[in-house]
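For reference, the structure is listed below as structure tokens.
The values are calculated or read from the model by the stated rules, or taken from the named source; none is laboratory data. What you are looking at is a predicted structure, and each value in this text was computed from that prediction instead of being measured. As a convention, Cβ positions derive from the backbone with ideal geometry for all residues, glycine included, and neighbour counts pool all protein chains shown. Quick note on the areas: whole protein, heavy atoms, side chains included, nothing else; ligands and nucleic acids left out. Shrake-Rupley method; radii C 1.70, N 1.55, O 1.52, S 1.80 Å.
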Amino acid sequence: MSKESFDSQRELCERQQERLAAERARLAQWQSIEADYQRKYTETLRPLEEKLNQLRYKLVLCFDHAYKEMGLSKAEREFVSELVTEFSEELLVLATKSDLPAGCDTARLKTLYKKHRGSDYDANLAELTESAGQELADALDLDVADLASMSPMQLLQIIQDQYDDEDAEELLEYARVVKIPAVTNPVAWQALQEAERARQAQSAQDPALRAEVQAAAGIPDDRLQETNTVLATQLDDVLSQVQFAEEGFKLRYELDPFATFEPDAVMGELDDDLKDIQEYIQELEHEVMQFSDESLLKAWLKAMRREVAAMERREERS
């Protein structure tokens, strides 16, 4: 082998060692944040989410009552119907994951959705899923049947490989519809763990994963190619562990399966989520109070319609 070839092999060795060290550090970060994240998620976020969703359900019932009983104008009733439909859809997505709080009636939500939207929720979802699946398959040059066998992380990787950020985000919206879970996250998490145990059992038989590799500068030229093969095997293994850590994290904590998370940022993001949800709860509690008086409700609806119209104008300009 020529000197140039040895130099190239040594550079590859250095790059692989640097990448391996970085990915091992990332894996260690995932492992280090687990206990604190789980505690804050279980003790603080989940109770707040339950309270929030109970308030949203209460608002759906209040809106429906106001539609019938509080002397609203035609325009006000149309706006209330839009709100019932929107809140019902959000809650029914949670129902697909068996994540509705106690006391929230899925059948009643579907009845109110049909009353105010004028169409069946399940039929609309099936039509939307079929349409999104076809759009996504066409964009990625796949068969629709292929999408069902792919995990969210596999789909995310394919989309990011083929499209830039703006186009990728549009396709990810289709993917989110297609992958509205047919199984609950705990079931998916159990399946992921079983697959990882099988992978680890197979990996344990590979002697390359137990090999100690010295720094690139000290490796003789005639061992560089063999060493690079070992490093490539070790890197593949640790990347699989990192993927398992991130995918499992998203499943356990009900996070967007098509988002990317970094272990050094998730605690800060959780704190931001807690602040946002507390503010949203305060807003919804204020909104529920408006139903105590017809004049209060009408004033609130008028303000909300103006706010929605202003948001739509800003979106059109952007």
(request) Please go through region 279-318 and pick out each residue that is under 28 Å from the mean Cα position of the chain (by Cα) and not in a helix (DSSP H, G or I). (result) Ser318
(request) Considering only region 141-208, give the helices (runs of 4 or more DSSP H) lying wholly within it that have at least 2 residues that are closer than 17 Å to Ala245 by Cβ. (result) 152-162, 185-203
(request) Go through the residues of region 134-149 one by one and say whether even a single one is at pLDDT below 85 and open to solvent by 30 Å² or more (accessible area, probe 1.4 Å). (result) yes
(request) Return yes or no: is Ala25 without any contact (Cβ under 8 Å) to a residue 12 or more places away in the chain and among the hydrophobic types (A, V, I, L, M, F, W, C)? (result) yes
(message) Here is a check on your reading of the model: is Gln31 of a type outside the set (A, V, I, L, M, F, W, C), open to solvent by 70 Å² or more (accessible area, probe 1.4 Å), within 26 Å of Gln234 (Cβ to Cβ) and at pLDDT 95 or above?
(response) yes
(request) Answer yes or no: is there a residue in region 274-290 that is open to solvent by less than 80 Å² (accessible area, probe 1.4 Å), without any contact (Cβ under 8 Å) to a residue 40 or more places away in the chain and under 17 Å from His65 (Cα atoms). (result) yes
(request) Could you grab me the full set of residues in region 209-218 that are outside any helix (DSSP H, G or I), of a type outside the set (Gly, Ala, Ser) and in contact (Cβ under 8 Å) with a residue 24 or more places away in the chain? (result) Val213
(message) Being surrounded by 14 or more Cβ atoms within 10 Å (Cβ to Cβ) and within 18 Å of the chain's Cα centre (by Cα) is true for just one of Val177, Val187. Which residue is that?
(response) Val177
(message) touching a helix residue (DSSP H, G or I) at 6+ places or on another chain (Cβ under 7 Å) and of a type in the set (Ser, Thr, Tyr): is that true of Ser98 in this structure?
(response) no
(request) Can you tell me which residue within region 150-174, out of those that are polar (S, T, N, Q) and in contact (Cβ under 8 Å) with a residue 12 or more places away in the chain, is surrounded by the most Cβ atoms within 10 Å (Cβ to Cβ)? (result) Ser151
(message) Tell me whether region 87-108 contains one or more residues that are within 21 Å of Arg306 (Cβ to Cβ) and of a type in the set (A, V, I, L, M).
(response) no
(message) Taking the conditions exactly as written (under 30 Å from Gln9 (Cα atoms), hydrophobic (A, V, I, L, M, F, W, C) and surrounded by 17 or more Cβ atoms within 10 Å (Cβ to Cβ)), does Ala216 satisfy them or not?
(response) yes
(message) With the requirement that a residue be touching a residue at least 40 places away in the same chain (Cβ under 8 Å) and either outside any helix (DSSP H, G or I) or open to solvent by less than 70 Å² (accessible area, probe 1.4 Å) (or both), what does region 222-241 give you?
(response) Leu224, Thr227, Asn228, Leu231, Ala232, Gln234, Leu235, Val238, Leu239, Ser240, Gln241
(request) Would you tally the residues in region 242-269 being more than 24 Å from Val187 (Cβ to Cβ) and buried (at least 17 other Cβ atoms within 10 Å of the Cβ)? (result) 1
(request) Those residues that are touching a Phe, Trp or Tyr at 6+ places or on another chain (Cβ under 8 Å) and over 22 Å from Ala201 (Cβ atoms), I need them from region 240-255; list them, please. (result) Phe249, Lys250, Arg252, Tyr253, Leu255
